[in-house]
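Novice: Sharing a structure below in structure tokens format, with a few things to ask.
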Amino acid sequence: MHSNRSIFERPFYLALLWCLLLLVGGGMLAGWERQALVAELEQESTLLHSLASQRADQHDAHLTALSAVAVASEGRRHDLFLEVARTIARFYPRIDEVQLVPLDPNAETVGTDPFDAKATELIRAAARASDGRIALLPHPQRSGHYIMVKRSPNSDGARYGLMLGIDAAKLIGDVGPFWSRPGVAVRLSLPDGHLLLQPAALPEAIRFSKALSSVSQPLLLETGMEIGLADMFPPVQTGLTLLVVSLAYLAGLAALRQRARTRAAEQQATLSALESRLTHASRVNALGEMASGMAHELTQPLTAILAQAQAGRRLLSQGQDAALAPVLEDTVSQARRASAILERFRNWSQPHAAPVAAFDLRQALANVEALLEPDAISRGIQLDFQVPETSVSVVADPVEIEQVAFNLVRNAFEALAQQAGDTGRVAVTLSEDDTTVVFEVADNGPGVPETLRPQLFTPFVTTRTGGTGLGLALSRRLVERAGGEIALVESDHGATFKVTLPRARRTEEPMR
């Protein structure tokens, strides 16, 4: 038996749908927040890259100025060189060391900080090997620093190796609060891969990687960000999102419920119209059946009256009793009139065949199911319709065939009302072969008494108190008029009525 409860009447499914919508809203919020964080990382990394590249380009200018000062002094005094070096270091804190190393091992090294012999030889070797380009090396004494080495003058006649020591952390430092956030990491390395700044962990999934645009210092800048649940679900935005989703859900639910109520009202109006049509057809056909029965029962007496009246008129015509002639004439006239009236009533009550065409019998049974399912539910009866998935076409009056099915199922309901105990069940099955279509109505009721079976389809025969006994007789006439037959199938349990109808030819089948 089909359930009439819609999804709007099932709290579990409503709660499940609400939870799903909240999950979808939360997922969209998480995706949006993640995308926003990635875009922010990209923007801030681009700004950091641009600023670090500009700072690196300044180092070239400082080396050029220091080289000019060193060459101009020609080794006589280095006070001016040291003053310029200290000024540069004071205004540019990332340049925390300047060294001027003579290529002559016997000459004195001049610098802002003490320098050991090993570091001095490293700078001297880099200057001698220079082809005019600035050499980039890790600082031999300070972690997180790198050095720039340039020969001075920048020619084959160079006399010095000029060195700048750069603090990598200060090169990219003081660039905004974004880089101080938890989970944000920056890594800087020399072109040869030597790491200058190495965070504890650099996220692999979200990363910016680009070399500085400085020609002399193409350091590789890498940035990353760890994005956790707290980042993707900020409290305020999460609360607002869930509130908006919930309000939208409630508004949509209210609209859908209103639409469902409107649709239910429309379906109820359609079913009421269909039930009225079937009731009207049933009454008209029952009236025709009753009129036919009355005409059949009254025809013989009226015919006898007519014959007797005609005999009396012949007696009168022989002159036996002239006074009887008017009475007999009136009797004959009234008898003929009664016969004519009954004949007209019989003709009027005879169901007239409406134009028929091929139709899908499944639709007729579906209408019957829609009409009787509420009654089955109220009675506690299991009503089961089993029909093929493809069209089952017959040529008949759809309303009359619906009436037949309606009468048979209602009779099954009434039969089940006479028994107690087991749950009542009514099954309607539809099948077809090459030439015929069969639908059966079976119930698990008390069945049809053996004594009643021979006259089961005779008018006015019934076992139900208050019944007219015309339902099965009418159903038989309607089925036979469609070219079919109806019969009670022998069964040990309950009653089964079988209706056989001719199958529509392929050329008559309705368009699908």
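The values are calculated or read from the model by the stated rules, or taken from the named source; none is laboratory data. Note that the structure is a prediction, hence the values are computed from the model and not measured. Note: ideal-geometry Cβ built from the backbone for every residue, glycine included; neighbour counts use all protein chains shown.
Novice: May I ask you to verify whether LEU22 is closer than 17 Å to PRO153 by Cα and hydrophobic (A, V, I, L, M, F, W, C)?
Specialist: On the way: closer than 17 Å to PRO153 by Cα: no; hydrophobic (A, V, I, L, M, F, W, C): yes.
Here the answer is no, as LEU22 does not meet what is asked.
Novice: Right, here's the next one. State the number of residues belonging to segment 375-412 that are free of Cβ contacts under 8 Å to residues at least 24 places away in the same chain and assigned to a helix (DSSP H, G or I). Can you show your working first?
Specialist: Here is the first cut: in segment 375-412, the residues free of Cβ contacts under 8 Å to residues at least 24 places away in the same chain are 378, 389-390.
Now restrict to residues that are assigned to a helix (DSSP H, G or I): 378.
Residues flagged as free of Cβ contacts under 8 Å to residues at least 24 places away in the same chain and assigned to a helix (DSSP H, G or I) within segment 375-412 amount to 1.
Novice: Can you tell which of LEU22, LEU37, LEU48, LEU41 is in a helix (DSSP H, G or I), farther than 26 Å from VAL186 by Cα and not assigned by TED's automatic domain parsing to the domain that holds LEU243? Give the steps one after another, and end with the answer.
Specialist: Numbers: LEU37 fails: farther than 26 Å from VAL186 by Cα; LEU48 fails: farther than 26 Å from VAL186 by Cα; LEU41 fails: farther than 26 Å from VAL186 by Cα.
That would be LEU22, the only listed residue that is in a helix (DSSP H, G or I), farther than 26 Å from VAL186 by Cα and not assigned by TED's automatic domain parsing to the domain that holds LEU243.
Novice: State whether the residues of segment 132-139 include one that is assigned by TED's automatic domain parsing to the domain that holds ASP79 and over 30 Å from ASP174 (Cβ atoms). Please lay out each step first, then the result.
Specialist: We begin by selecting, within segment 132-139, every residue assigned by TED's automatic domain parsing to the domain that holds ASP79; these are 132-139.
Going one step further and asking which of them are over 30 Å from ASP174 (Cβ atoms), we end up with 132.
Within segment 132-139, one or more residues are assigned by TED's automatic domain parsing to the domain that holds ASP79 and over 30 Å from ASP174 (Cβ atoms).
Novice: Please tell me if ASP422 is of a type in the set (Asp, Glu) and closer than 17 Å to ASP492 by Cβ. Don't jump to the end; show me each part of the working.
Specialist: On the way: of a type in the set (Asp, Glu): yes; closer than 17 Å to ASP492 by Cβ: yes.
Yes, satisfied.
Novice: Name the single residue that is modelled with the lowest pLDDT among those in segment 71-85 being over 17 Å from GLY165 (Cα atoms) and surrounded by 13 or more Cβ atoms within 10 Å (Cβ to Cβ).
Specialist: Step one: filter segment 71-85 for residues over 17 Å from GLY165 (Cα atoms), giving 71-80.
From what's left, surrounded by 13 or more Cβ atoms within 10 Å (Cβ to Cβ): 71, 73, 75, 78.
Numbers: VAL71: 84, SER73: 75, GLY75: 59, HIS78: 79.
Step by step, filter segment 71-85, then rank; the result is GLY75.
Novice: Collect the residues in segment 108-120 that are within 22 Å of ARG77 (Cα to Cα) and either surrounded by 13 or more Cβ atoms within 10 Å (Cβ to Cβ) or among the β-branched types (Val, Ile, Thr) (or both), keeping them in residue-number order.
Specialist: The answer is THR109, VAL110, GLY111, THR112, PHE115, THR120.
Novice: Right, another one. Of the residues ALA338, ALA405, only one is surrounded by fewer than 17 Cβ atoms within 10 Å (Cβ to Cβ) and either more than 21 Å from LYS498 (Cα to Cα) or modelled with pLDDT of 90 or more (or both); which? Full working, then the answer.
Specialist: Working: ALA405 fails: surrounded by fewer than 17 Cβ atoms within 10 Å (Cβ to Cβ).
The match here is ALA338.
Novice: Let me ask you something else. Which members of segment 441-480 meet the condition of being of a type outside the set (S, T, N, Q), over 27 Å from GLY380 (Cβ atoms), at pLDDT below 80 and part of a helix (DSSP H, G or I)?
Specialist: ARG453, PRO454
Novice: Moving on. Applying the selection to segment 169-183, what residues are farther than 19 Å from ARG86 by Cα and either surrounded by 19 or more Cβ atoms within 10 Å (Cβ to Cβ) or in contact with a helix residue (DSSP H, G or I) (Cβ under 6 Å, 6 or more places away or on another chain) (or both)?
Specialist: ILE172, VAL175, PHE178
Novice: Residue by residue through segment 12-36, note down the ones that are of a type in the set (A, V, I, L, M) and surrounded by 19 or more Cβ atoms within 10 Å (Cβ to Cβ). Walk me through how you get there before you give the answer.
Specialist: Going residue by residue through segment 12-36, those that are of a type in the set (A, V, I, L, M) are 14-17, 20-24, 28-30, 36.
Correct list: LEU29 only.
Novice: When you scan segment 1-37, how many residues do you find that are touching a strand residue (DSSP E or B) at 6+ places or on another chain (Cβ under 6 Å) and either at pLDDT 80 or above or small (Gly, Ala, Ser) (or both)? I'd like the intermediate steps shown before the answer.
Specialist: Of segment 1-37, the ones touching a strand residue (DSSP E or B) at 6+ places or on another chain (Cβ under 6 Å) are 1.
From what's left, either at pLDDT 80 or above or small (Gly, Ala, Ser) (or both): none.
Here the count works out to 0.
Novice: Return the residue satisfying two criteria in turn: it lies in segment 481-497 and is free of Cβ contacts under 8 Å to residues at least 60 places away in the same chain and part of a strand (DSSP E or B), and of such residues it is surrounded by the fewest Cβ atoms within 10 Å (Cβ to Cβ).
Specialist: In this case the residue turns out to be VAL489.
Novice: With respect to SER246, determine if the residue is in contact with a Ser or Thr (Cβ under 9 Å, 6 or more places away or on another chain) and at pLDDT 85 or above. Outline the logic, then answer.
Specialist: Working: in contact with a Ser or Thr (Cβ under 9 Å, 6 or more places away or on another chain): no; at pLDDT 85 or above: yes.
For SER246, the condition - in contact with a Ser or Thr (Cβ under 9 Å, 6 or more places away or on another chain) and at pLDDT 85 or above - is not met.
Novice: Pick out, from segment 184-275, the strands (runs of 3 or more DSSP E) lying fully within it that include 3 or more residues that are in contact (Cβ under 8 Å) with a residue 12 or more places away in the chain and under 30 Å from ALA168 (Cα atoms). Break it down into steps so the answer makes sense when it comes.
Specialist: Values: elements: 184-189, 195-197, 207-211, 220-225.
It comes to 184-189, 207-211, 220-225.
Novice: Give the residue, chosen from ARG133, ARG128, that is out of contact with any Cys (no Cβ under 7 Å at 6 or more places or on another chain), within 15 Å of ALA56 (Cβ to Cβ) and surrounded by fewer than 16 Cβ atoms within 10 Å (Cβ to Cβ). Please lay out each step first, then the result.
Specialist: Details: ARG128 fails: within 15 Å of ALA56 (Cβ to Cβ).
Going through ARG133, ARG128 in turn, just one is out of contact with any Cys (no Cβ under 7 Å at 6 or more places or on another chain), within 15 Å of ALA56 (Cβ to Cβ) and surrounded by fewer than 16 Cβ atoms within 10 Å (Cβ to Cβ): ARG133.
Novice: Could you please find all residues in segment 215-232 being buried (at least 19 other Cβ atoms within 10 Å of the Cβ) and either of a type in the set (Val, Ile, Thr) or over 28 Å from LEU196 (Cβ atoms) (or both)?
Specialist: THR223, MET232
Novice: Next up: Does SER213 satisfy being hydroxyl-bearing (Ser, Thr, Tyr), in contact with a strand residue (DSSP E or B) (Cβ under 6 Å, 6 or more places away or on another chain) and more than 26 Å from GLY31 (Cα to Cα)? First the steps, then the outcome.
Specialist: Values: hydroxyl-bearing (Ser, Thr, Tyr): yes; in contact with a strand residue (DSSP E or B) (Cβ under 6 Å, 6 or more places away or on another chain): no; more than 26 Å from GLY31 (Cα to Cα): yes.
In short, no.
Novice: Output the number of the condition that LEU63 fails; it satisfies all remaining conditions of (1) at pLDDT below 90; (2) surrounded by 15 or more Cβ atoms within 10 Å (Cβ to Cβ).
Specialist: So the condition that LEU63 fails would be (1).
Novice: Give the residue, chosen from SER152, SER143, that is within 60 Å of the chain's Cα centre (by Cα) and in the same structural domain as PRO191 (by TED's automatic domain parsing). Walk me through how you get there before you give the answer.
Specialist: Working: SER152 fails: within 60 Å of the chain's Cα centre (by Cα).
Answer to the check: SER143.
Novice: Could you tell me which residue of segment 86-106 is nearest to GLY161 (Cα to Cα), considering only residues that are assigned to a loop (DSSP other than H, G, I, E, B) and in contact with a strand residue (DSSP E or B) (Cβ under 9 Å, 6 or more places away or on another chain)?
Specialist: LEU103
Novice: Any idea how many residues of segment 226-247 are within 22 Å of LEU14 (Cβ to Cβ) and in contact with a helix residue (DSSP H, G or I) (Cβ under 8 Å, 6 or more places away or on another chain)?
Specialist: Residues flagged as within 22 Å of LEU14 (Cβ to Cβ) and in contact with a helix residue (DSSP H, G or I) (Cβ under 8 Å, 6 or more places away or on another chain) within segment 226-247 amount to 5.
Novice: Here are SER272, SER276, SER246: which of them is farther than 22 Å from ARG94 by Cβ, outside the structural domain of SER130 (by TED's automatic domain parsing), under 30 Å from the mean Cα position of the chain (by Cα) and surrounded by fewer than 15 Cβ atoms within 10 Å (Cβ to Cβ)? Explain how you work it out, then say what you get.
Specialist: On the way: SER272 fails: under 30 Å from the mean Cα position of the chain (by Cα); SER276 fails: under 30 Å from the mean Cα position of the chain (by Cα).
From the options SER272, SER276, SER246, the qualifying one is SER246.
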